[in-house]
Every structure is written in C-alpha cells, then in structure tokens.
C-alpha cells in the first residue's frame, strides 16, 4: 500500500485524537487540520473539528478570543502548538533567540500559547523541521512551559511531539519525551544527531504504523476536498486533490 508522508502523519495524528470531542486547529496547520477533519468524518460528527481561518469549519464568531474562552471552560479537548524552539521538557519558545533586548532571531510571538498549554488537556506539538536549531537542550525564552510545579492548577499540557523524522510521546510525570516511532526512511541515529535534547527510547524502536486503507480512501476524497477550502495548494500538491 503506497502512501505519502503527509498521509502517514494525518493518520498518526488522528489516532492521537481518539476520544476527543472538540478539536481546535490554528491557522497555517494543514496536516493537523486534515487529521481533525478525518476524525470528524470517522466519528460521523461526534468529534468536531474547528479550524481557525476556515469559512466552513470555524464555529467561532470572534476567532482566537472565543477559542480561549472555550478552552478555559474545558470545552476544547485537543489543540496544536509549534515553536521556534522546543526543548526536552516540552517548553516552547515563540519569542526570540539570543540575548534580550537585541535578539538574534525574532519569532511571531506567544499569542496565548501559554494559556492554551495550561487549559487544553491534549496539546500536540507539531514542527516538521527536525534539527538542533529547533530542538534544543534549553529554550532561550519560555513562551509556554511544558510542566508546572505541584499545587498549580493545570488541566492542560503536552501530549506528543510530531516532526518530519519521528513521533515522540510526552511523559508528564518525568517531564521528558519518549521516542514512539520513526517515519519512513528515518533512523534512530538520524533522530539523535538532529535532536539537541536527551530523550527516552525503547530497546526496539519501530516505524510509525502505516495508514489504514479506509482512512487513506477518506483522505484522498472527502478530506482533501474539505481541507482545500482553507489550504487549496496543500490539497492539490500534497494530497492530490483534483477539484
């Protein structure tokens, strides 16, 4: 069975979203958005995908502020975050690198990431570039912390980290990532060489599970068409949508 890396990631993320009733996806996130739509289709609408920037799959009247409000009420089960830097404790940096107030590089800004990190139970970190520039031993600035000390009310937090080479799961008790699977063509040595933080690894790490045929069929048809409303180039160039 042939499939692309994008299709593999969409199916892998969909498995992580099992049991989530309300899945929110930010802008510029076509792979997570496709996974959320796939879960919505597989559950017959019992799970709901909300994609910021979409004219069809966006129930929010006020964009980000309404998303934050729903998350604070416990009405968002899963969300996706990225970072200019991510370290081994799942701290993310969306501000800058280098010494303040004259940093070397500026990122887009935190934009409520810490609030969502604390509020949403299943936050999946997604960053396709897998390099030591991104995955560092310690972030230069903590936009959103991966964990909080005892006594801090925190229903939300990191669940997994997905990259172009592999998938990590996050251990909230030990504040560490554990390698969960390799993408096609990637090796453990390659992951170690391109990761700036230490992580746990099982003795016999295997590949990420291949996409199921029924999910691939949905991706090639219904999901590709639905995601094309928000990301037409992604649907055409990476999912083969012909509409």
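Just so it is clear, none of the values below were taken in a lab; they were calculated from the coordinates. The shown structure was predicted, so the numbers you read here are calculated from the model rather than taken from an experiment. FYI the Cβ positions are ideal-geometry reconstructions off the backbone, even for glycines, and counts take in every protein chain you see.
Quick notes on this one:
- With semi-axes defined as the square roots of five times the eigenvalues of the C-alpha gyration tensor, the equivalent ellipsoid of the chain measures 27, 23, 17 Å, largest first.
- Compactness of the stretch 146-243 as Cα Rg over 2.2 N^0.38 Å, two decimals: 1.41
- Among 175, 153, 57, the largest mean-square fluctuation in a Gaussian network model of the chain, built with springs joining Cα atoms closer than 10 Å, belongs to 153.
- GNM top mover of 206, 19, 185 - the chain, alpha-carbon springs below 10 Å: 185
- Estimated FRET transfer efficiency (residue 75, residue 128; beta-carbon r; R0 45 Å; 0.05): 0.95
- Euclidean distance of C-alpha centroids, the stretch 8-46 and the stretch 185-236, integer Å: 13
- Spin-label proximity, residue 2 to the stretch 201-232 - amide N less than 11 Å from point 7 Å beyond Cα toward beta carbon: none
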